[in-house]
Amino acid sequence: MDVDLAQERQKMVGVKNAAQSPATRSPLSVSRVLMVKLLQLTALMSKPKETDADFKCFSFEFNKSKNKFYEKAETTCKRKKGSAIMCSKPKASATATTYTNKDGCGPCAGETKDSGCEECSAESCNKIPIKCVQGTDGKADATDCTELTATKCSKPKFIEHTGFSKGNYACGVCAGDTKDKTCEECDGNTDAGCNTPVKTGADFKCYTYKYNTTSKTYSQADTTCKRLSTSDILCNMPFAKNITEEYTNTDGCGACTGETKKKEQCKECNTALCNKLDMS
């Protein structure tokens with residue numbers, strides 16, 4: 001109860017007691033005094049309480065089939081003047097009985113703090129972060145992102161026959177203009193990391209050819225080719241030893257470039273080291 005309101009009520013009790021004493025008993029005067037005090041008390045009761053600016057917190061709902069809390073909506077929270085901003089959220093291990101807040105505004109309910117509920121003291125600080133695989137090799141389990149605003153996960157792009165591009169598995173978007181070139185993005189979620197490494201198949205070898213304009217012959221060397229688990233072995237080679245500038249592949253892994261196969265400037269085969277060029 002407000003201090004001013006309590007004081008006015010106490011004054012009214014004193015006035016009433018005084019009015020009821022034999023020395024001061026006068027019905028008309030007592031009624032007037034009580035009416036004035038009643039009006040003052042009513043004014044105090046109807047006086048709006050001072051408030052500070054609204055703030056926002058996320059609210060949550062429990063998914064029984066997954067036994068987990070999910071964000072429901074961002075809620076506007078009201079507060080009295082001088083009250084600190086505070087939000088609550090369910091811990092990762094929380095159940096419907098260990099997190100019982102009806103919304104995310106204010107402190108944890110009852111004795112749930114630390115058991116299934118945790119608090120924070122900034123606007124919208126109780127957002128559940130997405131999970132991403134993080135690190136250099138993609139072998140670690142997905143963990144919560146420290147940046148609450150992150151909505152994407154990223155990872156090195158696998159280039160067929162070349163392998164994984166340089167880069168890290170991380171929270172957030174691809175750096176600079178690397179997206180779809182050496183980096184890939186995916187939409188993050190709070191359940192599992194979307195940026196897990198792609199599955200690869202066993203490496204294989206093909207011969208690679210480079211034409212020497214001085215000796216007018218091809219040099220030949222074997223190279224290791226990388227592939228996805230769903231990709232077949234495929235090598236390429238010059239269509240014949242007299243095909244020179246028309247053969248545009250830079251290594252023997254994979255398919256012929258452009259229309260060079262159709263124009264009989266390049267040919268393909270599908271076993272390891274099958275692309276041995278007849279130099280005779």
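Which of THR178, GLN134, GLY188 sits farthest toward the positive end of the charge dipole of segment 84-190, with +1 on the Cβ of Lys and Arg and -1 on the Cβ of Asp and Glu?
THR178
Under a 5 Å amide H to amide H cut-off, with H placed in plane at 1.01 Å, what residues pair with HIS161 once short-range neighbours are removed?
Distant-sequence amide H within range of HIS161: LYS226, ARG227, LEU228.
Can you list the lysines whose alpha carbon sits under 26 Å from that of LYS241, skipping same-chain ones fewer than 8 residues off?
Within the straight-line limit of under 26 Å, LYS241 reaches these lysines: LYS205, LYS210, LYS216, LYS261, LYS262, LYS263, LYS267, LYS276.
Dipole magnitude of segment 186-256 about its Cα centre, charges +1 at Lys/Arg Cβ and -1 at Asp/Glu Cβ only, in debye to the nearest 20?
340 debye
State, to one decimal in nm², a quarter of the convex hull surface area for the C-alpha atoms of segment 150-280, i.e. the direction-averaged projected area.
9.9 nm²
In Å, what Kirkwood hydrodynamic radius results for segment 207-269 from the alpha-carbon pair distances?
Averaging 1/r across every pair of different Cα atoms and inverting gives 12.1 Å.
Rounded to a whole number of µm²/s, how large is the Stokes-Einstein D of segment 46-146 at 20 °C and 1.002 mPa s, given Rh as the Kirkwood radius over C-alpha pairs?
144 µm²/s
Note down the net charge around GLY106, summing +1 for each Lys or Arg and -1 for each Asp or Glu among other residues with Cβ under 14 Å from its Cβ.
Neighbour charge sum, excluding GLY106 itself: +1.
Under Stokes-Einstein, with the Kirkwood radius over Cα pairs standing in for Rh, what whole-number D in µm²/s applies to segment 73-222 at 20 °C and 1.002 mPa s?
111 µm²/s
Would you mind working out the accessible area per residue for segment 132-280, using a 1.4 Å probe, and quoting it in Å²? Don't skip to the end; give the middle numbers.
Details: 8930 Å² over 149 residues.
Counting only protein heavy atoms, the per-residue value for segment 132-280 is 60 Å².
Ignoring ligands, DNA and RNA, please state the percent of accessible area on segment 214-265 from carbon and sulfur, probe 1.4 Å.
47 percent
Rank THR149, ILE159, ALA122 by how far each Cα sits towards the positive end of the charge dipole of segment 99-169 (+1 on Lys, Arg Cβ; -1 on Asp, Glu Cβ) and give me just the farthest.
Toward the positive end, the furthest listed residue is ILE159.
Would you kindly derive the ³J(HN,Hα) couplings of segment 188-198 from the backbone phi angles with the Karplus curve 6.51 cos²θ - 1.76 cosθ + 1.60 (θ = phi - 60°), listing them in order in whole Hz, with x for Gly and Pro?
x, 8, 8, 8, 8, x, 7, 9, 6, x, 6
Can you tell me how segment 238-280 classifies by the Cα gyration tensor, rounded, prolate or oblate, using a/c under 1.5 as the rounded cut?
Oblate shape, in that a/c is at least 1.5 and b/c is the bigger or equal ratio.
So which trypsin sites (Lys or Arg not before Pro) in segment 129-190 are both in a DSSP loop and have at most 15 other Cβ atoms within 10 Å of their Cβ?
LYS139, LYS166, LYS181
Once you treat every alpha carbon in segment 71-127 as an equal point and sum by Debye, what is log10 I(q)/I(0) at q = 0.25 Å⁻¹?
Computed log10 I(q)/I(0) values: -1.01.
Using amide H atoms built 1.01 Å from N in the peptide plane, name the residues 5+ places from CYS206, or on other chains, whose amide H lies under 5 Å from its own.
Answer set, sorted by chain and number: THR223, CYS225, LEU273.
Could you look at segment 38-127 and say what percent of its accessible area is carbon and sulfur, using a 1.4 Å probe and all protein chains?
Exposed carbon and sulfur together represent 52 percent of the surface.
The values are calculated or read from the model by the stated rules, or taken from the named source; none is laboratory data. Quick caveat: nothing in here was measured; it's all calculated off a predicted structure. For neighbour counting, all protein chains shown are included, and Cβ atoms are generated from backbone atoms with ideal geometry for every residue, glycine included. Keep in mind that these areas ignore ligands, DNA and RNA; they rest on the heavy atoms of the full protein, side chains included. Shrake-Rupley method; radii C 1.70, N 1.55, O 1.52, S 1.80 Å.
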